[in-house]
Amino acid sequence: MTDQAVAVTVEAGLQAEQDLLAAVCKGEKQHGLLFWQPTDRALVMPRRMSRLEGFEAACTELAVAGWPVLLRETGGEPVPQSAATINIALVYVAPRSEGDHGRIEKAYERLCLPLCEVLREWGGLASVGEIEGAFCDGRYNVNLNGRKLVGTAQRWRQGLGGKRPVVLVHGALLLDNERESMVAAVNRFNECCELEQRCRADSHIALHEVVPQAPLLARLEQAYSQVIAAIERD
């Protein structure tokens with residue numbers, strides 16, 4: 001069982017996810033599950049945000065503050081990544097039986113519901129949904145005790161010679177409390193780019209604030225192995 005995540009830079013972790021997606025698309029792997037933890041810090045955001053007025057100035061200022069900006073292939077909004085974060089990447093070929101309708105929602109369910117199950121085992125109040133004041137807020141946040149714990153995103157590609165859709169569904173889980181500096185970095189970026197959104201630290205929670213000794217990765221590997229097995233049976 002896995003007891004620790006792969007320790008890599010944020011840039012290398014994002015690339016490892018894309019490599020895993022490419023391997024499943026090519027048929028080199030049937031599926032993939034990756035846990036990684038940054039060894040550095042970065043503010044990661046969709047490539048489209050590089051077109052914002054003020055983007056270059058924001059990058060310069062944030063780099064000086066210790067939060068260099070990196071671009072990712074999935075959607076959403078700016079997300080801080082640091083050693084306080086555990087990343088979960090699940091990659092699989094969409095089952096034929098599901099068709100195209102609802103496959104995005106189903107991918108989020110496959111990522112989020114096992115997380116919720118594990119959090120409830122540890123006595124937490126787990127939910128999925130938006131949290132006011134959270135950075136990169138969305139309908140598929142995984143929340144703990146009414147505050148955002150995990151942000152999620154996904155990317156689809158045509159794989160297996162263009163015959164089947166393949167998904168990379170990703171979660172960024174806040175393991176340790178670095179909420180204040182993370183929120184400050186996001187808010188400063190938004191200010192520099194004249195974006196209205198402002199985030200609040202108290203809209204977020206770190207797992208270790210609630211369950212200090214949680215055997216997170218071993219339990220999640222078990223949970224996602226069951227998810228993958230169910231996909232293969234389909």
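Scanning segment 195-218 for residues that are at pLDDT 95 or above and of a type outside the set (A, V, I, L, M, F, W, C) yields R198, R200, D202, S203, H204, H208, E209. Per the listing G171, G162, the residue uniquely under 25 Å from R47 (Cβ atoms) and out of contact with any strand residue (DSSP E or B) (no Cβ under 9 Å at 6 or more places or on another chain) is G162. Working only within segment 73-93, note down all residues that are over 20 Å from E130 (Cβ atoms) and either acidic (D, E) or surrounded by fewer than 20 Cβ atoms within 10 Å (Cβ to Cβ) (or both). E73, A83 - these are the residues of segment 73-93 that are over 20 Å from E130 (Cβ atoms) and either acidic (D, E) or surrounded by fewer than 20 Cβ atoms within 10 Å (Cβ to Cβ) (or both).
Considering R41, R72, R47, which residue is of a type in the set (K, R) and touching a Gly at 6+ places or on another chain (Cβ under 8 Å)? Within the list R41, R72, R47, the selection yields R41.
From the list C59, C116, C112, the lone residue that is over 19 Å from H170 (Cβ atoms), out of contact with any Cys (no Cβ under 6 Å at 6 or more places or on another chain), modelled with pLDDT of 95 or more and surrounded by 13 or more Cβ atoms within 10 Å (Cβ to Cβ) is C59. All of (1) surrounded by 19 or more Cβ atoms within 10 Å (Cβ to Cβ); (2) within 18 Å of A201 (Cβ to Cβ) hold for V166 with one exception: (2). Set side by side, the residues V183, V169 differ, and just one is part of a strand (DSSP E or B) and modelled with pLDDT of 95 or more, which is V169. Considering the conditions (1) part of a loop (DSSP other than H, G, I, E, B); (2) closer than 30 Å to R96 by Cα; (3) among the acidic types (D, E), E194 is excluded by exactly one of them, (2).
Is one or more of the residues making up segment 141-155 under 15 Å from the mean Cα position of the chain (by Cα), assigned to a loop (DSSP other than H, G, I, E, B) and modelled with pLDDT of 95 or more? Yes, there is a match, as at least one residue in segment 141-155 is under 15 Å from the mean Cα position of the chain (by Cα), assigned to a loop (DSSP other than H, G, I, E, B) and modelled with pLDDT of 95 or more.
Counting only residues that are among the acidic types (D, E) and outside any loop (DSSP other than H, G, I, E, B), segment 91-140 holds 5 of them. Among the criteria (1) modelled with pLDDT under 95; (2) in a strand (DSSP E or B), the one G162 does not fulfil is (2).
So, of the residues in segment 208-227 that are out of contact with any Gly (no Cβ under 9 Å at 6 or more places or on another chain) and within 14 Å of R147 (Cα to Cα), which turns out to be surrounded by the fewest Cβ atoms within 10 Å (Cβ to Cβ)?
Going through the qualifying residues, I end up with H208.
For segment 135-149, filtered to residues that are closer than 15 Å to N87 by Cβ and touching a residue at least 40 places away in the same chain (Cβ under 8 Å), the residue that is surrounded by the most Cβ atoms within 10 Å (Cβ to Cβ) is L149.
The values are calculated or read from the model by the stated rules, or taken from the named source; none is laboratory data. What you see is a predicted model, and the numbers here were worked out from it, not measured in a lab. Neighbour counts run over all protein chains shown; Cβ positions are idealised from the backbone, glycine included.
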